[in-house]
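The values are calculated or read from the model by the stated rules, or taken from the named source; none is laboratory data. Quick caveat, the model's predicted, so the values are computed rather than measured. Using ideal geometry, Cβ is built from the backbone for each residue, glycine included, and neighbour counts are taken over all protein chains shown. Ligands, DNA and RNA are stripped out before the accessible areas are found, and what is left, the full protein with its side chains, is counted by its heavy atoms. Shrake-Rupley method; radii C 1.70, N 1.55, O 1.52, S 1.80 Å.
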Amino acid sequence: MEWLPVVEIVFGLLALAVLPLLLMGLRRRWLSRAGSMFECSMRIQTTTPGAGWALGVARYEGENLDWFRVFSLSLRPRVRIPREGTALVRRRPPEGSEAVVLYSDQQVVQVSRRGQEQLELAMNSESVTGFLSWLEAAPPRDDYPT
């Protein structure tokens, strides 16, 4: 019975390889319970044109859009985009090497937060429509001095 320890090692390694996949699946299911989720890539590195995109999912959580990386076990959003102070800068199709990195039906939406920081998100047309509706549905602000 010299092969029994080898079998135990192989099954142990197999279990270690499958465990992260199982945990990511459970994480996605848990995240989707709090609100509807949609696929949404985010450009997290802007030094190289067309590069720096990370696969992710996003969900609306009250007055915020929470973005999570796909290949992560974290239950906290990597980026939280508040509706207030967020504005659309431009909307465009993927350009150059982005067309290879992103899904074929995705569009790039560039937004500014509080007029300073700019983010680029990539999502399909239906999600872009929902995102723009969500931005426009912000409650009116009372900016008049008293």
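The set of residues in the stretch 89-103 being modelled with pLDDT under 90, more than 16 Å from the chain's Cα centre (by Cα) and of a type in the set (A, V, I, L, M, F, W, C) consists of Ala99, Val100.
Every condition in (1) under 29 Å from Met123 (Cα atoms); (2) more than 24 Å from the chain's Cα centre (by Cα); (3) not hydroxyl-bearing (Ser, Thr, Tyr) is met by Ala17 except one, and the failing one is (1).
Here the condition is being exposed (fewer than 11 other Cβ atoms within 10 Å of the Cβ) and at pLDDT 90 or above; of Glu63, Glu126, it holds for Glu126 alone.
Scanning the stretch 86-107 for residues that are open to solvent by less than 30 Å² (accessible area, probe 1.4 Å) and either of a type in the set (Gly, Ala, Ser) or touching a helix residue (DSSP H, G or I) at 6+ places or on another chain (Cβ under 7 Å) (or both) yields a single hit, Thr86.
Restricting the search to strands (runs of 3 or more DSSP E) fully inside the stretch 53-146 and requiring at least 2 residues that are of a type in the set (Asp, Glu) gives 117-124.
Just so you know, in the stretch 33-59 the residues that are over 20 Å from Arg83 (Cα atoms) and modelled with pLDDT under 80 include one that is least open to solvent (accessible area, probe 1.4 Å), and it is Gly50.
Answer yes or no as to whether Gly12 is open to solvent by less than 40 Å² (accessible area, probe 1.4 Å) and assigned to a loop (DSSP other than H, G, I, E, B). Criteria not met by Gly12. Can Gln110 be described as open to solvent by 60 Å² or more (accessible area, probe 1.4 Å) and either within 15 Å of Ile44 (Cβ to Cβ) or touching a helix residue (DSSP H, G or I) at 6+ places or on another chain (Cβ under 7 Å) (or both)? Answer is no for this residue. Just a yes or no: is a residue in the stretch 80-88 more than 17 Å from Ala122 (Cβ to Cβ), out of contact with any Lys or Arg (no Cβ under 9 Å at 6 or more places or on another chain) and modelled with pLDDT of 90 or more? Yes, some residue in the stretch 80-88 is more than 17 Å from Ala122 (Cβ to Cβ), out of contact with any Lys or Arg (no Cβ under 9 Å at 6 or more places or on another chain) and modelled with pLDDT of 90 or more.
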